[in-house]
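The values are calculated or read from the model by the stated rules, or taken from the named source; none is laboratory data. Just so you know, these numbers come straight off a predicted model, no measurement behind them. When we count neighbours, we look across all protein chains shown, and the Cβ atoms used for this are built from the backbone with ideal geometry, even at glycine. Ligands, DNA and RNA are stripped out before the accessible areas are found, and what is left, the full protein with its side chains, is counted by its heavy atoms. Shrake-Rupley method; radii C 1.70, N 1.55, O 1.52, S 1.80 Å.
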Amino acid sequence: TEQTWPVPSVPIQDLFPKGDFPMGECCEYQGLNAYRSTKAELKEQEKLHVEEYKELREAAEVHRTARKYLQSIAKPGEKMIDLCESLENKVRELIRDDFPGRGIAFPTGCSRNHIAAHWTPNSGDKTVLEYDDIVKFDFGTQVNGRIIDCAFTHYFNPKYDVMAQAVKEATNTGIKEAGIDVRLSDIGAAVQEVMESYEVDVDGKMLPVKSIRNLNGHSIGPYQIHAGKSVPIVKGGDQTKMEEGELYAIETFGSTGKGVVHEDLECSHYMKNFDVGHVPLRMAKAKELLGVIDRSFGTLAFCRRYLDRLGCKQYLLGLKNLCDSGLVQPYPPLVDVKGSWTAQYEHTLILRPTQKEVLSRGDDY
């Protein structure tokens, strides 16, 4: 079976019936860990994780296919909400959506211009993609809770070329530096050095590209998008080390603004707290909504549109109640100063015992 183009419609499982999904980009470890690529007992150890790798590779192939489709339809004049829904429906089709086994891992971020992250349209939003926009498309796929978190910057005006190049190179530097026993702070320092070696022409003024210091990459666990370790994109951070077997989203953000984001605008993204116990709820609407969340998303992030799609009505008060009780966390959009440009690139990699595998790498980025 071959994939159909320009509109992919064959589920990825059907293209690889034996489960031999394509591997990501494999990189040998450096320095003291160089021995790992040939050590027989480590190769044996990897055999214990074959299923996990397969699940990640399937999710990654879905991501590559769906983003190629998104890149072909994301044109000036299109409504953001239509782009998101087309992408999300395509992911559901390609992955054979069936919670909790497989599906979307979190809402489609499509943050424009000075908005760096966590913006997706709520129902009724009329925002249109414009020629001068610089958009961060950030979406996730999951198979059996193995999450691929991967993002790119999309734009039409070539004035953004250098900005995008700076951030892409910074992300690739983070990927290159990542490895077993590597300090997270060392990755941040290397990323910042590359990011901030660039300057961009904004309306005839040369402005430095800054690493957004309060955004970072993160470890990923089963059904847990942020699993406890942060990968900084500036120097002076955490001395903690990366460890064998860990899964990481390596993402970097550049800005021509302050290089710091704050929460602003209407919230669309929410996620159940991963380690919250039983919380007694008084409000019937909140209890009912929690049931929907548990059945449809578990501890994966969701947005208001996903609740609308499930037929939830008048749920905002119940949702506020779940947030106030600490069961659900809201994640409002993260913005730099108005008028600034922000860009992002992100890949998911796994630190296998014998080598590092950049699972989400494609021929696009």
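Remarks
- Which of E93, E61, E130 is most accessible, then next, and so on - probe 1.4 Å: E130, E93, E61
- Sparsely packed loop sites in segment 197-249 (the GluC sites (Glu not before Pro) outside DSSP H, G, I, E and B with at most 12 other Cβ atoms within 10 Å) comprise E243.
- Estimated from helices alone, the mean residue ellipticity of the chain at 222 nm is -9500 deg cm²/dmol (sum of -39500 (n - 2.57) over DSSP H runs with n ≥ 4, per residue).
- Gyration tensor verdict on segment 78-198 (Cα atoms; rounded if a/c is under 1.5, prolate if a/b is larger than b/c, oblate otherwise): oblate
- Shape category assigned to the chain from the gyration tensor of Cα positions, a/c cut at 1.5: rounded
- Among the trypsin sites (Lys or Arg not before Pro) in segment 83-145, those located in a DSSP loop and surrounded by at most 11 other Cβ atoms within 10 Å of their own Cβ are K126.
- Three-way shape call for segment 177-219 based on the alpha-carbon gyration tensor, with the a/c threshold at 1.5: prolate
- Ranking by accessible area, most exposed first, for R309, R67 with a 1.4 Å probe: R309, R67
- Inter-part distance where segment 297-365 and segment 60-97 are each reduced to a Cα centre, Å: 16
- Less than 5 angstrom separates the built amide H of T252 from those of Y345, all sequence-distant by 5 or more or on a different chain.
- Pairwise FRET efficiency - D324 versus D125, Cβ, R0 = 25 Å, nearest 0.05: 0.50
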